[in-house]
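Every number in this text was worked out from the coordinates using simple rules, so none of it is lab data. Note that this is a predicted model, so its numbers are computed, not measured. Positions of Cβ are backbone-derived with ideal geometry, glycine not excepted, and every protein chain shown enters the neighbour counts.
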Amino acid sequence: MDSADFSQGETLNEMLDQSEIDNLLGGAFSGIPERRETGMERIIRAGFVAYERMPMLEIVLDRLVRLLTTGLRNFTNDNVEITMEYTRSMCFGDYVNSVPSSSLFAVFKAAQWENFGLIVIDSALAYSIIDILMGGQRGRSHSGIEGRPHTAIERALIEKLVTLTLKELSVAFGPVCEVDLIFERLEVSSRFAAIARASNAVVTSKMHIDMEDRNGNLDLVIPYATLEPVRDLLSQQFMGERFGRDSVWENHLIAEIMETDAEVLAVLEEQTISLAQLLDMKPGMQILFPQRLAGALPVTLQCNQTPLFEGHLGQTSGKAAVKIDGRLVPDDSPHTHSPSEPTPYD
């Protein structure tokens, strides 16, 4: 047997069968069925956060893509195309764990909402912007060295990109609400860019930016706590939608209520008696009221035990009538209906 045959036989002897591979890997690839998780375990292990949809926020982000595309074209004097890859809800801790360590974290503050947000720029986009603004050669990928700290000039250029993004985001929020987004600081570590607890829910939007031969990703991270002051506005299906109040139906309902028949009672006198006296009453018995002086009898008009007006009893056209002298309920209704002249109630 020559040396070639010996090496081939030695290689064949070193090959392992499936049972030996299963023993080495602890039976991970064996035919043992995996244990099925219960519904509660799947809920606990879920990596997403289910929150109500915000249709207006999606429109704002679409507007941001268009505005930022134009802004970056003017900023870089290059052809820029931005694609919104996804917008999803997740825990802040899960997002931070999925971000590459070489990314840059720009913390900004929403002045009117008194809370913070985050813009995350990956290293590819950061070095692409630096190459373009510093006059780098086309047709080559970014020449940055992973892991090295950015220089002061590079950080200043990246801050300009962040400031431009925040400006366009403020304009995108303009039709919904007014908000001033202020750049706070630029961090190289996610530990110093913690704007929320790890278990808090955030909205993350990933935008892919193509600049001819260069590209990169920009992430916008906004906690739900930041959006809480304008949550009702962002939950609208369309611009100007009113929740819980429709002026058309409100006026129609008021008009229908005004046409509703209401029973009004004219109370001449009231007297309080005990329950024992009430039970002892029999047909023919009389209830005595205090004797009044000669003149018009005072009357109280009430509806459903609620006093409305006070007046005095009289007669008109051969019928008993009440002339209203005063109002007992305050006129605090926002809808005023002023009748012409007070008419007697039959």
Placed amide H near ASN200: partners under 5 Å, 5+ positions off or other chain: PHE92, GLY93
Between GLU184 and residues 5 or more places away or on another chain, which pairs have amide H atoms under 5 Å apart, with H built 1.01 Å from N, and which residues are they? VAL107, PHE108, LYS109
Under the Karplus relation with 6.51, -1.76 and 1.60 and θ = phi - 60°, whole-Hz ³J(HN,Hα) for segment 53-70, x at Gly and Pro, equal 6, 10, x, 5, 5, 5, 5, 4, 5, 5, 5, 4, 4, 5, 5, 5, 4, 5
Please list, in chain and number order, the residues 5+ apart from HIS312 or on another chain whose amide H is under 5 Å from its amide H, with Hs placed from the backbone. VAL299, LYS323, ASP325
How far apart, in nm, are the 7 Å Cα→Cβ label points at THR87 and LEU279? 7.2
Go through segment 309-315 residue by residue and turn each phi into a ³J(HN,Hα) via Karplus (6.51, -1.76, 1.60, θ = phi - 60°); whole Hz please, and just put x for glycine and proline. 9, 10, x, 9, 7, x, 9
In sequence order, what are the phi-derived ³J(HN,Hα) couplings for segment 113-123 according to the Karplus relation 6.51 cos²θ - 1.76 cosθ + 1.60 with θ = phi - 60°, rounded to whole Hz, with x for glycine and proline? 8, 6, 8, 10, x, 9, 10, 10, 10, 6, 5
Sort LEU133, LEU169 so the one with the fewest other Cβ atoms within 10 Å of its own Cβ comes first. LEU133, LEU169
Among all the lysines, which ones have a C-alpha under 20 Å from LYS109's C-alpha, if same-chain residues fewer than 8 places away are not counted? LYS160, LYS167, LYS206
